[in-house]
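Undergrad: Submitted below is the structure of interest, expressed as structure tokens.
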Amino acid sequence: MISNQILQNTIEGVKSISRMEFAIMDTDGKEVASTVDMSAQGERVVEFVQSPAESQEIQGFQFFKIFDEHQLEYVLIVGGISEDNYTIGKMVAFQIQGLLVAYKERFDKDNFIKNLLLDNLLLVDIYSRAKKLHIQTDASRIVFLVEAENVKDNTALEASLNTLCNQADFVTAVDETNIILVKDLHDGDSRKDIEKIAKNLWQGLKKETGGNLRISYGTVVKEIKEVSKSYKEAKMALDVGKIFFDSRNVVAYSELGIGRLIYQLPIPLCKMFIKEIFGGKSPDEFDEETLTTIYKFFENNLNVSETSRQLFIHRNTLVYRLDKLQKMTGLDLRVFEDAITFKIALMVVKYMRYMENYDY
């Protein structure tokens, strides 16, 4: 349904041109939008609704019926003494009727995209409804997911996103947490082009809303039936990004690496793995000095000299810490295989902690 604000903006725009007063009333005679108070016309509106006439002059005011297809939706009242009342009134009524059709089609498209994303449509329905709504079925598309942590009103975020999109794009939401953009791509768009689109979206939305934003996206799909696949990928990328890439504002599904595999592991299996590697102790329970040493050692690709330099400690001190860690865990981080095991274990623990705190 078209919003009252759209109707208000429309009649205010016409007033600025014609210098006439307008009001849009519902079929019960209640004011929906107006440039001047015409609530006193309520009873006359009800009488006009019951009459067979589509337009009528009543005590100096021109009344027009506005239909949504064959259903009477509104009554337009035109005030002001002018011989052009009827002509301008007919034009405004025609404009509003056109807006009703446009917004109804937009609503239908929004419903279609939502059901498409959620896999609520049969294959035959996807193509028949897409054809009816004039949506191309074989275009290259990708799904972006936008999450704002401190933006209370997602409606404003959705409106901002709409301003950054093309006519062939679709912006919608299936929950109160995220805004979804189904982006129409050019055939020649590369991975770098898509990454640039994502970063531009983040910068544009950050400027508009000022919120703490995170954007994720799936892979490119060529058929409309596969849009839900790109959406599921974007959703996974958003979650995996929060766990393993919390410093990134933009996360791509294709760059999740081993984090994608860990995210799909059942929690009981993760607990079994940690118990096998560390016994009864979890690696995130180590003291801060040990954890700092571990992370810095990984950052420097297991390079003892560079790690000790960045930690401002003697090389022998670092070796002592690594030896101490080996005694605690049985894993020597200087050995590649042990380092990989330890790195995966840290990621598994991070995933487990995230799932424990996840608000279902």
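The values are calculated or read from the model by the stated rules, or taken from the named source; none is laboratory data. Here the structure is a predicted model, which means the values were calculated and not measured. Cβ sites come from the backbone with ideal geometry, for glycine too, and all protein chains shown count toward neighbours. With ligands, DNA and RNA removed, areas are computed over all heavy atoms of the protein, side chains included. Shrake-Rupley method; radii C 1.70, N 1.55, O 1.52, S 1.80 Å.
Undergrad: Can we say Glu21 is surrounded by fewer than 15 Cβ atoms within 10 Å (Cβ to Cβ), among the charged types (D, E, K, R) and over 21 Å from Val101 (Cβ atoms)?
TA: For Glu21, the condition - surrounded by fewer than 15 Cβ atoms within 10 Å (Cβ to Cβ), among the charged types (D, E, K, R) and over 21 Å from Val101 (Cβ atoms) - is not met.
Undergrad: Could I ask something else about it? Say whether the condition of being closer than 16 Å to Ile88 by Cα, modelled with pLDDT of 90 or more, open to solvent by less than 30 Å² (accessible area, probe 1.4 Å) and of a type in the set (D, E, K, R) is met by at least one residue in the stretch 43-65.
TA: yes
Undergrad: Another question, if that's okay. List pairs: first in the stretch 32-49 and closer than 21 Å to Ile6 by Cα and touching a residue at least 24 places away in the same chain (Cβ under 8 Å), second open to solvent by less than 20 Å² (accessible area, probe 1.4 Å) and in a helix (DSSP H, G or I), Cβ under 7 Å, 6+ apart or cross-chain?
TA: Note: pairs meeting the criteria are Val32/Leu7; Ala33/Leu7; Ala33/Ile11; Thr35/Ile11.
Undergrad: Related question: Among the residues of the stretch 322-356, write down those that are open to solvent by 50 Å² or more (accessible area, probe 1.4 Å), farther than 21 Å from Met272 by Cβ and not hydrophobic (A, V, I, L, M, F, W, C).
TA: Listed by number, the residues that qualify are Asp323, Lys324, Gln326, Lys327, Arg334.
Undergrad: Where in the stretch 107-200 are the strands (runs of 3 or more DSSP E), entirely inside, with at least 2 residues that are charged (D, E, K, R)?
TA: 141-148, 178-184
Undergrad: For Arg248, all conditions in the list (1) part of a helix (DSSP H, G or I); (2) surrounded by 13 or more Cβ atoms within 10 Å (Cβ to Cβ) hold save one; what is the number of the exception?
TA: Among (1) part of a helix (DSSP H, G or I); (2) surrounded by 13 or more Cβ atoms within 10 Å (Cβ to Cβ), the lone unmet condition for Arg248 is (1).
Undergrad: In the stretch 258-295, what residues are open to solvent by 70 Å² or more (accessible area, probe 1.4 Å), free of Cβ contacts under 8 Å to residues at least 24 places away in the same chain, of a type outside the set (Asp, Glu) and part of a helix (DSSP H, G or I)?
TA: Leu261, Pro268, Leu269, Met272, Lys275, Tyr295
Undergrad: Quick one: which of Lys192, Lys152 is modelled with pLDDT of 90 or more, open to solvent by 50 Å² or more (accessible area, probe 1.4 Å) and not hydrophobic (A, V, I, L, M, F, W, C)? Outline the logic, then answer.
TA: Working: Lys152 fails: modelled with pLDDT of 90 or more.
Checking each option against the conditions leaves just Lys192.
Undergrad: Right, something else. Here are some conditions: (1) open to solvent by 30 Å² or more (accessible area, probe 1.4 Å); (2) among the aromatic types (Phe, Trp, Tyr); (3) within 30 Å of Val174 (Cα to Cα). Phe112 meets all but one. Which one does it not meet?
TA: All conditions are met except number (1).
Undergrad: Open to solvent by 70 Å² or more (accessible area, probe 1.4 Å), in contact (Cβ under 8 Å) with a residue 12 or more places away in the chain and out of contact with any strand residue (DSSP E or B) (no Cβ under 6 Å at 6 or more places or on another chain): is that true of Asp119 in this structure?
TA: In short, yes.
Undergrad: Identify all residues within the stretch 103-120 that are of a type in the set (A, V, I, L, M, F, W, C) and modelled with pLDDT of 90 or more; write none if there are none. Write out each step before concluding.
TA: Residues of the stretch 103-120 of a type in the set (A, V, I, L, M, F, W, C): 107, 112-113, 116-118.
If the condition is that a residue be of a type in the set (A, V, I, L, M, F, W, C) and modelled with pLDDT of 90 or more, then Phe112, Ile113, Leu116, Leu117, Leu118 are the ones that fit.
Undergrad: Of the residues that make up the stretch 72-88, is at least one touching a residue at least 12 places away in the same chain (Cβ under 8 Å), part of a helix (DSSP H, G or I), open to solvent by 80 Å² or more (accessible area, probe 1.4 Å) and within 16 Å of Glu21 (Cβ to Cβ)? Reasoning before the result, please.
TA: Here is the first cut: in the stretch 72-88, the ones touching a residue at least 12 places away in the same chain (Cβ under 8 Å) are 72-82, 84-86, 88.
When the remaining residues are screened for being part of a helix (DSSP H, G or I), the result is 85-86, 88.
Subset that is open to solvent by 80 Å² or more (accessible area, probe 1.4 Å): 86.
Right, trim to within 16 Å of Glu21 (Cβ to Cβ) and you get 86.
The answer is yes; a qualifying residue exists.
Undergrad: Of all residues being of a type in the set (S, T, N, Q) and in a loop (DSSP other than H, G, I, E, B) in the stretch 23-38, which is farthest from Phe64 (Cα to Cα)? Just the residue, please.
TA: Thr35
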